[in-house]
Structures are given as C-alpha cells and as structure tokens.
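Take a look at the structure set out below.
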C-alpha cells in the first residue's frame, strides 16, 4: 500500500514539474502581451489625447494594476518633481526595474524601453511610429514563441510523466 501511495506521489510530483516548466515558458509570452498592451495605450494617449509621454505615464499607470502601473506612476511623479533628470533616464530606471523581474530576454526589455523613452523626436508622429514598430516586433516575437511553446509544452509535460514512471520502475 505504501508503495502505491509513494508511486502516485512521485508521478504527481514529476507531472507537476512538467506543468511548472510549461508555465515558465508561457510566462514570457504573457509578459510580451502585457508590454504590447502598454505600448498600445501609449499610442492612443499620444495620438488621441495629444498628451506628452510623462503625462501619459501617470494616466496609464493609474489604469494598470500591479507592478507596471506602480512603476509608471513613479515615473510621472519623479518627472513632476524634476530633480534635473531627463524623462528617458527616469523611465529607464523605474520601468527597467519592473521589466527585469519579468521572464523576459534583454532584447525584449531593450526594445520596449527604447520605444517609449525615445523623446528625442520633436514630432509626435515619429514617436508614434517608433512605438508602432516596437509593438509589431514584440508581436512577431510573441507569435514565434507561441508556435514553439505549443510543441515544447507538450514535450515537457510528457517528459515529466515519463521521468516519474522511470523513477517508479527503478524504485520497485
């Protein structure tokens, strides 16, 4: 009886590890989608609200829950205090900290930060185009990962189950 219970627990643990690994792989996809949504919000604020980026951070930050929203609100507050730092520096510092906690690759973070903090453009249309291009590139990366992860996810869960069965066979 104890062998059966132990075998079931081993199999459940190995399957759980497989599911956990699959969720970690899907975490980057969720983070990319969140960044794309935020870029879309910035685009609409600049295009239709005719607001500047520091003001956009405050508005968007109040609409978004969690770490991203808090980081954007801090950007707007620090910029209002204006301790001599540029918007780009403040944005990269505050939002960069939040992005580093997410399961992203450095090029994803660089692309996102570059799209918003490029305030060197005097024309709003250039800012919009930069954000659109970044959102499109993030979308392509997300689509590629979704295709890859659908196959890899099944393999990872299957390997978890097979490794559990192997352990059970070894222990019996």
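Among the residues that make up the range 113-125, is at least one of them within 18 Å of residue 30 (Cα to Cα), outside any loop (DSSP other than H, G, I, E, B), at pLDDT below 90 and under 21 Å from the mean Cα position of the chain (by Cα)?
First, the residues of the range 113-125 that are within 18 Å of residue 30 (Cα to Cα): 113.
From the residues that got through so far, the ones that are outside any loop (DSSP other than H, G, I, E, B) too are 113.
Imposing the further condition that a residue be at pLDDT below 90 reduces the set to 113.
Filter once more, keeping what is under 21 Å from the mean Cα position of the chain (by Cα): 113.
Checked the range 113-125: at least one residue is within 18 Å of residue 30 (Cα to Cα), outside any loop (DSSP other than H, G, I, E, B), at pLDDT below 90 and under 21 Å from the mean Cα position of the chain (by Cα).
Take the conditions farther than 19 Å from residue 130 by Cβ and modelled with pLDDT under 90 and apply them to residue 65. Does it pass? Please lay out each step first, then the result.
Values: farther than 19 Å from residue 130 by Cβ: yes; modelled with pLDDT under 90: yes.
When the stated conditions are applied, residue 65 passes them.
Residue 25 is checked against (1) closer than 29 Å to residue 151 by Cβ; (2) modelled with pLDDT under 90; (3) buried (at least 19 other Cβ atoms within 10 Å of the Cβ) and fails just one. What number does that condition carry?
(3)
Residues to consider are 101, 85, 70, 107; find the one that is touching a helix residue (DSSP H, G or I) at 6+ places or on another chain (Cβ under 9 Å), farther than 16 Å from residue 34 by Cβ and at pLDDT 85 or above.
Values: 101 fails: farther than 16 Å from residue 34 by Cβ; 85 fails: at pLDDT 85 or above; 70 fails: farther than 16 Å from residue 34 by Cβ.
Matching residue, one of 101, 85, 70, 107: 107.
The values are calculated or read from the model by the stated rules, or taken from the named source; none is laboratory data. What you are looking at is a predicted structure, and each value in this text was computed from that prediction instead of being measured. Positions of Cβ are generated from backbone atoms using ideal geometry, with glycine treated the same way; all protein chains shown enter the neighbour counts.
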